Amino acid sequence: MSVQEYLDKHLLSRKIEDAVNAAVRAKTNDPVLFIANHMLKSVQSVITKVKARQILDSRGIPAVEVELSTNKGTFRASSPSGPSSGMYEATELRDGDKGIYLGNGVTKAVKNINEKISEALIGMDPTLQSQIDQVMLDLDKTEKKGELGANAILAVSIAACKAGAAEKEVPLYKHIADISGGTNTLLPVPSFTVLSGGKHAGNNLAIQEIMVLPVGAKTFEEAVQMGSETYHHLKAVITEKFGVHGCNVGEDGGLAPNISRQAYFTGGILLFYNKINDVKEALDLVMEAIGRTGHNEKIKIAIDVAATEFCIDYPIVSVEDPFDKEDWELTKHFSTLQACQVVGDGLLMSNPKRIEKAIQESTCNALLLKINQIGTVTEAIEAVKMAKDAHWGVIVAHRSGETEETFIADLSVGLATGQIKAGAPCRGERLCKYNQLLRIEEELGDQANFAGEGWRVS
């Protein structure tokens, strides 16, 4: 085949001419680079490679990481993990070999990506998120994604979403807004964990966490400042009252003190130490820290324990899982009091069927969205739409086992949820989400909208 025949066959003469004309119009100082980039943009991007590996999450437990390649680049993503795998959430695939990572390895999930999912997705358009997710669901064939593993499917789904944004040459949050059918983006009010308890902390605080919401901030940047100042003032309050040993931290970065006056003998001498013995005492510590910031009226509190008097005596605006996840009647009764936002976490498990039931029965009025519980970007978007159609609040949430993945930051902005929960304003795997939101706000500039006092978007 001659050079001219080759050019004619692939219509290269016209494409090259178009690229040269574009370079002339742009008056570029580097025509070769400009023409090369112009030619690259003219080629529709497809998925060319999907490769997975085993990494470690913030708890030192294996997690799945994926690199998905197109002719526009390589896009990395990883799946988070929680402490439990409920019967209503998508199923993580673990190896089960107790001799390796205590059975928590994810090499089976990695193999499924490298040998099955990869082959199915090669050649697909990365902008077609719902089609990509559906191919994986069809390949898995189980309701809870137990064949391929929800941790495998989600990592690929997120990586594909990033590739789709790159193909469209738009920020990730804008691409998410587009594929969800949304038109507006919104910076969320962060829900900062400041005190951790229960299984996340190993102390005797009866609730899992106490969070602060800087709803009175005017920008996300100001909200971060308020959250950080509250956290550090709380650390000082605990140190002053109970000593430096009270400043341990839980898995999500919240301070995890043991504080309550108890006696013990050592060397024949009666000594005392302190530990938190009730929720009220913990709330009082947080209130003192908020007072020290000078932002009293601008910062509200969220907890995950039911007690109506707390909502009256303290500025509590949100309560997660007030009762057992199967106690629908008590949760519904608590919601009817209209004392605050009542969030379904374990109650819902981000499961569409349970969300639908809770909407029909008016059991709660907000969804805590954990994307690994549902398993794909497309299904996460549909869950948020369902909640918003019911005029619920939506909180995009992290997990105890996090990585440096920042996807939920863009997800919260793209879906305009108005709320995000990503842990304490410390620890790298938590801060990377908040830092990504700072970058997004800066990038949007005058177009940035912060939820602020309208945080409970529906």
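Structure summary
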quantity	calculated
Lone qualifier among Thr142, Thr193 - being in the same structural domain as Val212 (by the TED database) and of a type in the set (Ser, Thr, Tyr)	Thr193
Thr74 assigned to a loop (DSSP other than H, G, I, E, B) and either open to solvent by 40 Å² or more (accessible area, probe 1.4 Å) or at pLDDT 85 or above (or both)	no
Any hit, region 372-382, residues being open to solvent by 30 Å² or more (accessible area, probe 1.4 Å) and out of contact with any Pro (no Cβ under 9 Å at 6 or more places or on another chain)	yes
Any hit, region 423-432, residues being of a type in the set (A, V, I, L, M, F, W, C), under 11 Å from Val189 (Cα atoms), buried (at least 23 other Cβ atoms within 10 Å of the Cβ) and modelled with pLDDT of 95 or more	no
In region 358-371, residue nearest to the chain's Cα centre (by Cα) [restricted to those that are touching a residue at least 24 places away in the same chain (Cβ under 8 Å), closer than 23 Å to Gln338 by Cβ and open to solvent by 20 Å² or more (accessible area, probe 1.4 Å)]	Asn365
Some residue of region 178-187 being in contact with an Asp or Glu (Cβ under 6 Å, 6 or more places away or on another chain), of a type in the set (A, V, I, L, M) and modelled with pLDDT under 90	no
From the options Ala302, Ala236, Ala289, residue that is in contact with a Ser or Thr (Cβ under 8 Å, 6 or more places away or on another chain), assigned by the TED database to the domain that holds Ala422, at pLDDT 90 or above and assigned to a helix (DSSP H, G or I)	Ala289
Residues (crowded, with 22+ Cβ neighbours inside 10 Å and over 24 Å from Gly250 (Cα atoms)) located in region 384-409	Val384, Ala387, Trp392, Gly393, Val394
Residue in region 321-339 that is touching a residue at least 40 places away in the same chain (Cβ under 8 Å) and surrounded by 23 or more Cβ atoms within 10 Å (Cβ to Cβ) present	no
Unique match (being over 30 Å from Val110 (Cβ atoms) and loosely packed, with under 11 Cβ neighbours inside 10 Å) among Lys9, Lys15	Lys9
Residue match in region 107-119 (condition: of a type in the set (Asp, Glu) and either in a loop (DSSP other than H, G, I, E, B) or on the phi > 0 side of the Ramachandran plot (or both))	no
Check on Lys168, closer than 30 Å to Gly73 by Cβ, touching a Ser or Thr at 6+ places or on another chain (Cβ under 9 Å), basic (Lys, Arg) and crowded, with 24+ Cβ neighbours inside 10 Å	no
Flag for Ser85 being modelled with pLDDT under 95 and open to solvent by 40 Å² or more (accessible area, probe 1.4 Å)	yes
Which listed residue, of Gly96, Gly198, is without any contact (Cβ under 8 Å) to a residue 24 or more places away in the chain and over 30 Å from Ala223 (Cβ atoms)	Gly96
Among (1) open to solvent by less than 20 Å² (accessible area, probe 1.4 Å); (2) closer than 25 Å to Ala422 by Cα; (3) of a type in the set (Asp, Glu), the one test that Asp140 misses	(2)
Some residue of region 112-130 being over 18 Å from Arg399 (Cα atoms), surrounded by fewer than 24 Cβ atoms within 10 Å (Cβ to Cβ), charged (D, E, K, R) and touching a residue at least 60 places away in the same chain (Cβ under 8 Å)	yes
All positions within region 18-53 that are open to solvent by less than 70 Å² (accessible area, probe 1.4 Å), of a type outside the set (Ser, Thr, Tyr) and touching a strand residue (DSSP E or B) at 6+ places or on another chain (Cβ under 7 Å)	Val46, Ile47, Val50, Ala52
Only one of Val50, Val32, Val20, Val43 that is touching an Asp or Glu at 6+ places or on another chain (Cβ under 8 Å) and among the hydrophobic types (A, V, I, L, M, F, W, C)	Val50
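Residue by residue, here is whether (1) over 25 Å from the mean Cα position of the chain (by Cα); (2) open to solvent by 40 Å² or more (accessible area, probe 1.4 Å); (3) not aliphatic (A, V, I, L, M) holds:
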| site | (1), (2), (3) |
| --- | --- |
| Glu67 | no, no, yes |
| Ser78 | no, no, yes |
| Glu89 | no, no, yes |
| Leu93 | no, no, no |
| Gly99 | yes, yes, yes |
| Asn104 | no, yes, yes |
| Thr107 | no, yes, yes |
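For (1) in contact (Cβ under 8 Å) with a residue 12 or more places away in the chain; (2) small (Gly, Ala, Ser), each residue gets a yes or a no:
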residue	(1), (2)
Ala380	yes, yes
Trp392	yes, no
Asp410	yes, no
Arg430	yes, no
Arg439	no, no
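To keep it simple, each residue is scored yes or no on (1) within 20 Å of Gly452 (Cβ to Cβ); (2) modelled with pLDDT of 80 or more.
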| site | (1), (2) |
| --- | --- |
| Asn203 | no, no |
| Val212 | yes, yes |
| Glu229 | yes, yes |
| Glu240 | no, yes |
| Gly254 | no, yes |
| Ile259 | no, no |
| Asn277 | no, no |
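The values are calculated or read from the model by the stated rules, or taken from the named source; none is laboratory data. Here the structure is a predicted model, which is why all the values come from computation and not from measurement. Every residue, glycine as well, gets a Cβ built from its backbone with ideal geometry; the counts of neighbours run over all protein chains shown. Surface areas here come from the heavy atoms of the whole protein model, side chains and all, with no ligands, DNA or RNA. Shrake-Rupley method; radii C 1.70, N 1.55, O 1.52, S 1.80 Å.
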